[in-house]
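Everything on this sheet refers to the single structure shown next.
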Amino acid sequence: MPINKALPGFESPAAGFEAPFEMLAACHERLRRSLRLLARLQQHLGAQPQGVDEQARQAAADLLRYFTLAAPAHHEDEERHIVPVLRRSADAALRAAAEQLLREHEQIRAAWELLAPQLREIEAGRLPPRLAEAAEHFGRLHDAHLRLEDELAFPQARVLHEEAGGAAALAAIGAEMAGRRGATIRKTPG
């Protein structure tokens, strides 16, 4: 059974920068797929008596690419467009959530610094010494973080942006996100 059908993080539900909150949600789906790939990689390596095979090497390369390129851009989106509006809120719980998101981003970055070398070992064809420990920690950090964003931070930030500037505010967020990536916003017909 192949552990890697497509490059994680680069195929996604149809969401573009013209709908920035839908784009953020689509990023979370890609992130969850990448975390599932990481879990499948661990299982695959555990079932391989001969060590690291080509499927494992490719999965490690895909994970390195996703978590080195796409995931940091997503965190930057959140730090530019979610955290500031939550920090300005009159609601103390939303301000606290903003600070929690920033702390968790730091924890995730630190966990990635431990996991990435393990994946580079696999990519090079060597079995790493502490993959399970690093991968499980990385996954656990994401579980709570994604829930906080999906259930509180994103919905509330969207409301606050809409209240502050309506469709123009959302369009500006999408334009900024696209611009940082060198992308263009799709024009809707009509």
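Selection of region 68-82 for residues being under 22 Å from A98 (Cα atoms) and in a helix (DSSP H, G or I) yields A70, A71, P72, A73, H74, H75, E76, D77, E78, E79, R80, H81. The residues of region 164-190 that are of a type outside the set (G, A, S) and closer than 22 Å to L101 by Cα, listed by number, are L170, I173, E176, M177, R180.
Specify which of the listed residues (V85, V52) is more than 17 Å from the chain's Cα centre (by Cα), over 27 Å from A171 (Cα atoms) and of a type in the set (V, I, T). Outline the logic, then answer.
Working: V85 fails: over 27 Å from A171 (Cα atoms).
Exactly one residue qualifies, and that residue is V52.
Given the criteria within 19 Å of H74 (Cβ to Cβ), surrounded by 20 or more Cβ atoms within 10 Å (Cβ to Cβ) and in contact (Cβ under 8 Å) with a residue 24 or more places away in the chain, does A175 qualify? Before the answer, list the steps.
On the way: within 19 Å of H74 (Cβ to Cβ): yes; surrounded by 20 or more Cβ atoms within 10 Å (Cβ to Cβ): no; in contact (Cβ under 8 Å) with a residue 24 or more places away in the chain: yes.
Taking the combined requirement at face value, the residue does not satisfy it.
Has region 132-146 got any residue that is surrounded by fewer than 16 Cβ atoms within 10 Å (Cβ to Cβ) and more than 22 Å from R30 (Cβ to Cβ)? Looking through region 132-146, at least one residue is surrounded by fewer than 16 Cβ atoms within 10 Å (Cβ to Cβ) and more than 22 Å from R30 (Cβ to Cβ).
In region 39-68, the qualifying residues are those that are at pLDDT below 95 and aliphatic (A, V, I, L, M), and the one that is nearest to A135 (Cα to Cα) is L45. Does L127 fit the bill of being at negative phi, touching a residue at least 40 places away in the same chain (Cβ under 8 Å) and either touching a strand residue (DSSP E or B) at 6+ places or on another chain (Cβ under 8 Å) or in a loop (DSSP other than H, G, I, E, B) (or both)? Judged against the criteria, L127 is a match. Scanning region 94-104 for residues that are free of Cβ contacts under 8 Å to residues at least 40 places away in the same chain and not acidic (D, E), we see that the one that is nearest to E163 (Cα to Cα) is R95. For region 55-67, the set of residues classified as under 18 Å from the mean Cα position of the chain (by Cα) and not hydrophobic (A, V, I, L, M, F, W, C) consists of D62, R65, Y66, listed by residue number. For region 105-120, what are the residues that are closer than 30 Å to Q50 by Cα and without any contact (Cβ under 8 Å) to a residue 12 or more places away in the chain? Answer for region 105-120, where residues must be closer than 30 Å to Q50 by Cα and without any contact (Cβ under 8 Å) to a residue 12 or more places away in the chain: E113, P117.
In region 69-85, what residues are over 19 Å from E29 (Cβ atoms) and either out of contact with any Asp or Glu (no Cβ under 9 Å at 6 or more places or on another chain) or of a type in the set (F, W, Y) (or both)?
Step one: filter region 69-85 for residues over 19 Å from E29 (Cβ atoms), giving 79-80, 83-85.
Within region 69-85, E79, P84, V85 meet the criteria.
The values are calculated or read from the model by the stated rules, or taken from the named source; none is laboratory data. Computed from a prediction, not measured in an experiment: that's the story for all the values here. Quick reminder, even Gly has a Cβ in these numbers, built from the backbone with ideal geometry, and neighbours come from all protein chains shown.
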